């Protein structure tokens, strides 16, 4: 009996101890408050949140592709049909707005954790802080290019930008900053990142110093700050100027461009490819014909379709996928930024050097003809055409249309015909700043874009 009572007592002690420990454990991991550098690192390493889900409304509205009537009726949802035909209506797809702000939220959480951390690895803290600022800048940049007007110095302080969420506190109401304030914040975040990020990075998905310089170069180009764009592009390429030799790629492969290839400075993809997927989006015929026969992109980027006959789909995804579009940063884009900025500020030799280096990696071996054009105007036109051919389906065309429409030399009226109806988007139309999703406007009490 004594042995029995002793065993019962031991069991009760163990049970009570176990209960105490059980009650100390959070019933849901989501209720755990992140507070260590490891927690911050986990937030920033969340690839599905930080590197995917960026807005694609703009590219769906751009001029790189067209749709058959069958695809328009059978594949596209209500929002996609309206976006394709530039209808100025209410949009319900809130993911285009919410997904980037989820990345912003994670970045803000990480920044707060790192700033409050004590007695921890200072070098690791700086690296993570740089990553967080980079992600926030990149997300803001993607959002402002879709939902705000083109940057113009004369109007940037009065035009509406986006809400600049700089804290993880969800109770703080959102207000729209100006376009000027938005771009200033993007530059601040990228600049901080450029100072804190390492010179190299082995983990796929993470930015490094060259990524931050690339982000700054892209930002300065959009803002028309060509001296700065040139400097940051050059700084980026000094750290990593690698280009794929397209002669080494398999031209017959369904998706010939490797994921995380040597050109990728920062990988990021859209929410979905939607109407621009390989099986649905038909590449603009004039754009396809603009590639020379010796240009390897003509076979690596495009697949000839069985239906409709004579049409082509785009297979050159830098994410090696058809479900979304690559919208990240690459050395090929930075060479083109350097070349364009150099041409605009009179550095013709530097412009030609950057352009020709890219071209030598895109044409069949020994068959590339060096560009020698020295007239600034003609060279700039050539560079812009090359930019479209290299960066198609890469998330840059909508932003390029917006900024180039500000110059009468490059303005373009977009036209589409569907079932006998002609649709048109005029240069500098207010529609270049997409309407915010109605759910966001109503629930967040955020002002809608001007019409």
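The values are calculated or read from the model by the stated rules, or taken from the named source; none is laboratory data. Computed from a predicted structure; not experimentally measured. Reconstructed Cβ throughout: ideal geometry from the backbone, glycine too, with neighbour counts over all protein chains shown.
Miscellaneous remarks
- Considering each residue of the range 167-184 in turn, none proves to be in contact with a strand residue (DSSP E or B) (Cβ under 9 Å, 6 or more places away or on another chain), closer than 23 Å to residue 116 by Cβ, buried (at least 19 other Cβ atoms within 10 Å of the Cβ) and touching a residue at least 24 places away in the same chain (Cβ under 8 Å).
- Checked against (1) at pLDDT 95 or above; (2) out of contact with any helix residue (DSSP H, G or I) (no Cβ under 7 Å at 6 or more places or on another chain); (3) in a loop (DSSP other than H, G, I, E, B), residue 307 passes all but a single condition, namely (1).
- Check on residue 272, within 16 Å of the chain's Cα centre (by Cα), touching a residue at least 24 places away in the same chain (Cβ under 8 Å) and assigned to a helix (DSSP H, G or I): no
- Considered as a group, the residues in the range 427-451 that are within 25 Å of the chain's Cα centre (by Cα) and farther than 16 Å from residue 145 by Cα include one that is surrounded by the most Cβ atoms within 10 Å (Cβ to Cβ), and that residue is 440.
- Of the residues contained in the range 92-104, one or more are found to be assigned to a helix (DSSP H, G or I), buried (at least 20 other Cβ atoms within 10 Å of the Cβ), without any contact (Cβ under 8 Å) to a residue 60 or more places away in the chain and in contact with a helix residue (DSSP H, G or I) (Cβ under 8 Å, 6 or more places away or on another chain).
- Residue 166 vs. criteria closer than 21 Å to residue 334 by Cβ, touching a helix residue (DSSP H, G or I) at 6+ places or on another chain (Cβ under 8 Å) and not in a strand (DSSP E or B): no
- Checking each residue in the range 72-85 for being crowded, with 18+ Cβ neighbours inside 10 Å and in contact with a helix residue (DSSP H, G or I) (Cβ under 7 Å, 6 or more places away or on another chain) picks out 72, 76, 80, 83, 84.
- Whenever a residue of the range 286-299 is without any contact (Cβ under 8 Å) to a residue 60 or more places away in the chain, its partners that are surrounded by 15 or more Cβ atoms within 10 Å (Cβ to Cβ) and not in a loop (DSSP other than H, G, I, E, B), lying with C-beta atoms within less than 6 angstrom and at least six residues away or across chains, give the pairs 288/312.
- Set side by side, the residues 407, 375, 349 differ, and just one is surrounded by fewer than 17 Cβ atoms within 10 Å (Cβ to Cβ), without any contact (Cβ under 8 Å) to a residue 12 or more places away in the chain and under 30 Å from residue 140 (Cβ atoms), which is 407.
- Residue in the range 44-56 that is farthest from residue 269 (Cα to Cα), counting only those that are crowded, with 22+ Cβ neighbours inside 10 Å and touching a helix residue (DSSP H, G or I) at 6+ places or on another chain (Cβ under 6 Å): 44
- Residue among 274, 224, 161 that is on the phi > 0 side of the Ramachandran plot, surrounded by 23 or more Cβ atoms within 10 Å (Cβ to Cβ) and modelled with pLDDT of 95 or more: 274
- Candidate set: the range 327-339, residues that are in contact (Cβ under 8 Å) with a residue 60 or more places away in the chain and under 17 Å from residue 362 (Cβ atoms); chosen: the one surrounded by the fewest Cβ atoms within 10 Å (Cβ to Cβ): 332
- Verdict on residue 250 being surrounded by fewer than 20 Cβ atoms within 10 Å (Cβ to Cβ), modelled with pLDDT of 95 or more and in a loop (DSSP other than H, G, I, E, B): yes
- Count of residues meeting criterion [touching a helix residue (DSSP H, G or I) at 6+ places or on another chain (Cβ under 8 Å) and assigned to a loop (DSSP other than H, G, I, E, B)] in the range 275-304: 6
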